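The values are calculated or read from the model by the stated rules, or taken from the named source; none is laboratory data. Being a predicted model, the structure only gives us computed values, none of them experimental. Using ideal geometry, Cβ is built from the backbone for each residue, glycine included, and neighbour counts are taken over all protein chains shown. When the accessible area is computed, the model is the full protein with side chains, heavy atoms only, and any ligands, DNA or RNA have been set aside. Shrake-Rupley method; radii C 1.70, N 1.55, O 1.52, S 1.80 Å.
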Amino acid sequence: MLYALVDCDNCYVSCERVFNPGLEGKAVVVLSNNDGCVVARSPEAKALGIPEGLPFFQLAERFPGQEIHALSSNYTLYGDMSRRVMSILRDAAPDIYVYSIDEAFLMLDESPYMPVDYKAWGEALAAKVRRWTGMPVSIGIARTKTLAKVASKFAKRYPGYRKCCFIQTDEQREKALSLFPVADVWGIGRRHAARLMAAGVKTALDFTRLPAASVQKSMTITGLRTWMELHARDCIALDHLPRKQTICTSRSFPRMIATPEALAVPVASFAARCAQKLRQQKSMAQTVTVFMSTNPFREELDQFSVGRTISLPAPAQSDSEIIRAAHEAMADCLKAARRRLSLDYAELQNEPQTMGLRPADHQWKRAGVIVGGILPETELQTSFLDIPPVLKQKLQRLSAVADRINARLGDESIQVAAALRTADPATGKALTFRNSILHDRRSPFYTTDIRDIIGVE
């Protein structure tokens, strides 16, 4: 078995460049929600030394005189472009495993239906994806998934590979590993990498020369699997690939929120978003956590952060069940905040100069919802404490119908009433999730909104 790892180069920036070719060759950064900090960089931006996570307001100060194009994140566009790339990949190989928004493993079974020259096949596939979607991809081919990840890095870094690197022989494997930093090996985390480098293990080849027993002792079976994969022994099954144990949706609010009624709307929206992601990956959650915090940059205001977790009677994925649990957790958070205010009030009464004063209510600047205890939807076990099975099935079918409508007519064409936001003055319609945050630099929805389709004269 051979594996081909297809990786979209600088995915977010590349999506923007497809529809704005004027950004080619220029320093481009994509910002997080509410235009907070840098989450993606073009090679030119990396060459300038712009670090990931840099706050946007520091960009001009840290890099004066540099021409840097900063764009608000447009996840609707990025997700749709990813789907277009993956649809091409599905037709190129017997089997595919989509690992993330910008990566997929293709399983090449070396059957008569596949070409003999895999290097030429990879180069042709990369060219096809670029020609059909405008997205540049790098392809790494090897006997194991970990080696395929290594090969894809070489294909991305060195133009001579023509977007495809095939690690075929042991000589090629050892040469590639001798040039590959151990900290960049897939499956070796930061802490393990720091320990290995402190012990003189600098490259992936150095790592393969360690005794298997010592690797398992210090890095458990997960580290041993990585060690074996680098020895070209395929031992990481698709079920053991690192997958999300939790799903989180959070945002900073454009303006601070003080009332429970106003806070309940974004919390419901975050919960519905998490539920949608659960259904997309055919899974269910066992816990729902809500967290919220005040504005740390407003030092004159009382600072407070709190989070509460609700355990569901049975795993769930429907909007209704996840939102109900999120509102319950939010209520617990607000109770904790009120207790804090009561203690502050008692302290004020103990001092003559503050007697009679009441502390101001908390001004919430950020909130989020996390669903955890994720398991496949096929492993659902009912509980007599849960809602009736018939009602649970109806809620799941209702959410599935909403997903199909939104997929056909556009994201958030239909929403849960609890998540509807205040009306947009321009249209009179309720603001959607994607339009309720700051996005002053966001590009149009070129591929998903008919109003944003590029016109040709």
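In whole percent, how big is the carbon plus sulfur part of the accessible area of the range 111-177, probe 1.4 Å, protein atoms only?
Solvent-exposed carbon and sulfur of the range 111-177 make up 53 percent of the total.
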### Task
Compute the relative contact order of the chain as a whole-number percentage, counting only Cα pairs closer than 8 Å that sit 6 or more residues apart in sequence.
15
### Message
Taking 0.36 nm per residue of sequence separation and subtracting the Cα-Cα distance, how much length would be gained by fully extending the chain between Lys175 and Leu210, in nm to one decimal?
### Response
10.9 nm
### Highest to lowest packing among 310-316, 7-13, 160-166, scored as the average C-beta count within 10 Å
7-13, 160-166, 310-316
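Calculated from DSSP H runs of 4 or more alone, at -39500 (n - 2.57) each and per residue, what is the 222 nm mean residue ellipticity of the chain, nearest 500? Numbers along the way, then the final one.
Details: 13 runs with 179 residues, N = 457.
Dividing the helical sum by the residues of the chain leaves -12500 deg cm²/dmol.
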## Note on the structure
Longest principal axis of the chain (C-alpha) makes with the long axis of helix 118-133 (C-alpha) an angle, in degrees to the nearest 10, of 40
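What is the range 85-169 by shape, rounded, prolate or oblate, if you read a ≥ b ≥ c off the alpha carbon gyration tensor as root eigenvalues and call it rounded for a/c under 1.5, prolate for a/b larger than b/c, and oblate otherwise?
Working: a/c = 1.24, a/b = 1.03, b/c = 1.20.
Judged from the Cα gyration tensor, the range 85-169 comes out rounded (a/c under 1.5).
Applying a 10 Å radius around every beta-carbon, put 322-329, 293-300 in order of their mean neighbour count, most first. The partial results should precede the final answer.
Values: 322-329: 22.8, 293-300: 11.9.
Per-residue Cβ counts within 10 Å, averaged per peptide and sorted highest first, yield 322-329, 293-300.
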### Task
Could you check the simple spin-label distance between Arg339 and Ser100, using points 7 Å along Cα→Cβ, in nm with one decimal?
3.9
### Message
Using 0.36 nm times the number of residues separating Val116 and Asn406, minus their current alpha carbon distance, what extension gain do you get?
### Response
100.2 nm
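According to the square roots a ≥ b ≥ c of the eigenvalues of the Cα gyration tensor, what is the shape class of the range 146-285, taking rounded for a/c under 1.5, prolate for a/b larger than b/c otherwise, and oblate for the remainder? Don't skip to the end; give the middle numbers.
On the way: a/c = 2.46, a/b = 2.15, b/c = 1.14.
Note, shape of the range 146-285 comes out prolate.
Within the chain, what percent of beta bridges assigned by DSSP are antiparallel, to the nearest 5?
About 85 percent, rounded to the nearest 5.
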### Query
So, by mean Cβ neighbours within 10 angstrom, what's the order for 85-95, 219-229 with the highest one leading?
219-229, 85-95
### Residues of type lysines that Lys365 reaches as a straight line, Cα spacing below 28 Å, ignoring anything fewer than 8 places off in the same chain
Lys244, Lys277, Lys335, Lys429
### Query
Per the chain: cysteines with no other Cys C-beta under 4.7 angstrom?
Cys15, Cys37, Cys164, Cys165, Cys235, Cys248, Cys274, Cys333
### Task
Could you give the size of the charge dipole of the chain about its Cα centre, using +1 on the Cβ of each K and R and -1 on the Cβ of each D and E, expressed in debye and rounded to the nearest 20?
440
## Note on the structure
Treating every alpha carbon of the range 21-100 as one equal point scatterer without solvent, the Debye formula yields log10 I(q)/I(0) values at q = 0.12, 0.25 Å⁻¹ of -0.45, -1.15
### Query
Using alpha carbons only, how many degrees (0 to 90, rounded to 10) separate the axis of helix 389-409 from the longest principal axis of the chain?
70
## Note on the structure
A correct Kirkwood calculation over the Cα atoms of the chain returns a hydrodynamic radius in Å of 25.1
### Query
Where the centroid of each part is defined by its Cα atoms, how far is the range 439-453 from the range 42-69 in Å?
24
## Note on the structure
Taking Cα atoms only, helix 319-349 is inclined relative to the longest principal axis of the chain by an angle, in degrees rounded to 10, of 50
### Task
Mind checking the per residue accessible area of the range 206-342 for me, 1.4 Å probe, whole number of Å²?
49
## Note on the structure
About its Cα centre, the range 128-285 carries a charge dipole, from +1 on Lys and Arg Cβ atoms and -1 on Asp and Glu Cβ atoms, whose size in debye to the nearest 20 is 500
### Query
In whole percent, what relative contact order does the range 175-216 give with Cα contacts below 8 Å and a gap of six or more residues?
46
